[in-house]
Amino acid sequence: MLFTCNPRSHAASRPASRKVVKRGARSFAVDLHCHVHTPAADELAKQSAQPGADPMARYGNVRTRDHQNKLRADLDRKLTSIEQRLADMDKMGIDVQAISTSPLQYYYAVEPDLGRQTSRAINERLAEIRDSHPERFVALGTVPLQAPELAVAELEYCMKKLGFRGIEISTNVNGVDLSDPRFEAVFAKAEALGAVIFLHPLGFTDTRRLNEHFLTNVIGNPLDTTVALSHIVFGGVLERHPKLKFVAAHGGGFLAHYPARMDHAYRVRPECHDHIKRPPTYYMKKIYFDTVVFSHAQLEHLVKLWGADHVVIGTDYPYDMGYYKPVDFVNDVKSLTRAQKDAIIGGNATKLLKLKPRRKN
């Protein structure tokens, strides 16, 4: 049986260059956490009258920045080359990637209309990659969240015109938390359109204590996801929009592994009842978590807390903080059943992304 990613109609008419088949007992594998860089958007962003700080500064001190620069050529090739990506997917045993932009290209700090332009450039590039191999790729777009009305319009364009499966967003927008009322229209539209929301951080908002040892990524990324999910839950985003499908990167940060404190606070603190009617874990169970946790024990803990049906493969391709044996990683967990492994490796993402099986000719 083949799988089609059902891209926009003009691309669907083209013959696919590769066939994706479930071979023998091997699980169909879908990577929901992988990135693309769009140089054209960088050029557009240079027009900003008030450019944001160099994103590399988010990664700490001079030593860290120097090391990042050494990785640049290899990263650039993997972030931009379709053929390199396909070869690496084959090595990793990945059948389909849900590609999304590099977090360095959120561009939330630029002027709203320029943010619209950079988002459109990125989304058209994601569509181009998807269209080039429609049985290997689906796409999660980006939207200019600094201007929610423009973000709603771009979300509609992504879903209705480009045939995307959702969007990727950061864990905050210029320091504003996602439960802020200004984002209600975006979440309402995402819910109405059935858009998956991939939640991916870009370091932590306050890096004063995280400059050394790459801590702004090592601790900062999961910490910002922890804060974001806390606001999404306690701020009532999932109370107001119960059908939203969030996928949280890096195993959901620290919150996904320590939810009991949230429920305890809900029992004893009145502030925790302002926007929700049920214990926080009720809403957390609606969230999906990726497998970028590096430890079988951590993966087992995710499954134990949230269920195998709410865990999906992620690689964080092509960054060095990624994990590139994702199928083996899941298969090597002895406590999981075959059905649970198949669900995590590809079954859950297939449902989330609405991949449609079709008969082989």
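In table form, for the structure just shown:
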quantity: Conditions (1) of a type in the set (D, E, K, R); (2) closer than 26 Å to ILE99 by Cα; (3) touching a helix residue (DSSP H, G or I) at 6+ places or on another chain (Cβ under 7 Å): number failed by LYS277; calculated: (2)
quantity: Residue count for the range 252-278, restricted to those that are of a type outside the set (D, E, K, R) and either in contact with a Leu (Cβ under 6 Å, 6 or more places away or on another chain) or in a loop (DSSP other than H, G, I, E, B) (or both); calculated: 7
quantity: Lone unmet requirement of (1) at pLDDT 95 or above; (2) closer than 22 Å to ASP274 by Cβ; (3) buried (at least 17 other Cβ atoms within 10 Å of the Cβ) for LEU255; calculated: (1)
quantity: Test: residue in the range 324-334 that is surrounded by fewer than 15 Cβ atoms within 10 Å (Cβ to Cβ) and of a type in the set (A, V, I, L, M, F, W, C); calculated: no
quantity: Test result for ASP274, charged (D, E, K, R) and touching a strand residue (DSSP E or B) at 6+ places or on another chain (Cβ under 6 Å); calculated: no
quantity: Filtered residues of the range 194-219 (kept if part of a helix (DSSP H, G or I) and either closer than 26 Å to ALA139 by Cα or aromatic (Phe, Trp, Tyr) (or both)); calculated: PHE214, ASN217
quantity: Only one of LEU229, LEU215, LEU210, LEU302 that is hydrophobic (A, V, I, L, M, F, W, C), touching a Gly at 6+ places or on another chain (Cβ under 8 Å), surrounded by fewer than 20 Cβ atoms within 10 Å (Cβ to Cβ) and touching a residue at least 40 places away in the same chain (Cβ under 8 Å); calculated: LEU215
quantity: Residue check, THR281 within 20 Å of ILE197 (Cβ to Cβ), of a type in the set (S, T, N, Q) and surrounded by fewer than 20 Cβ atoms within 10 Å (Cβ to Cβ); calculated: yes
quantity: Answer from ALA87, ALA29, ALA40 - the residue that is in contact with a Gly (Cβ under 6 Å, 6 or more places away or on another chain), farther than 22 Å from PRO201 by Cβ, at pLDDT 95 or above and of a type in the set (A, V, I, L, M); calculated: ALA29
quantity: Residues located in the range 258-277, provided they are aliphatic (A, V, I, L, M) and either surrounded by fewer than 16 Cβ atoms within 10 Å (Cβ to Cβ) or under 18 Å from the mean Cα position of the chain (by Cα) (or both); calculated: ALA260, ALA265, VAL268
quantity: Pair list, Cβ under 7 Å, 6 or more apart: the range 269-283 residue under 11 Å from GLY236 (Cβ atoms), other residue of a type in the set (Gly, Ala, Ser) and not in a helix (DSSP H, G or I); calculated: HIS275/GLY235; HIS275/GLY236; ILE276/GLY236
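The values are calculated or read from the model by the stated rules, or taken from the named source; none is laboratory data. Not measured: the values here are computed from a predicted model. In this analysis, Cβ positions are derived from the backbone assuming ideal geometry, glycine residues included, and neighbour counts consider all displayed protein chains.
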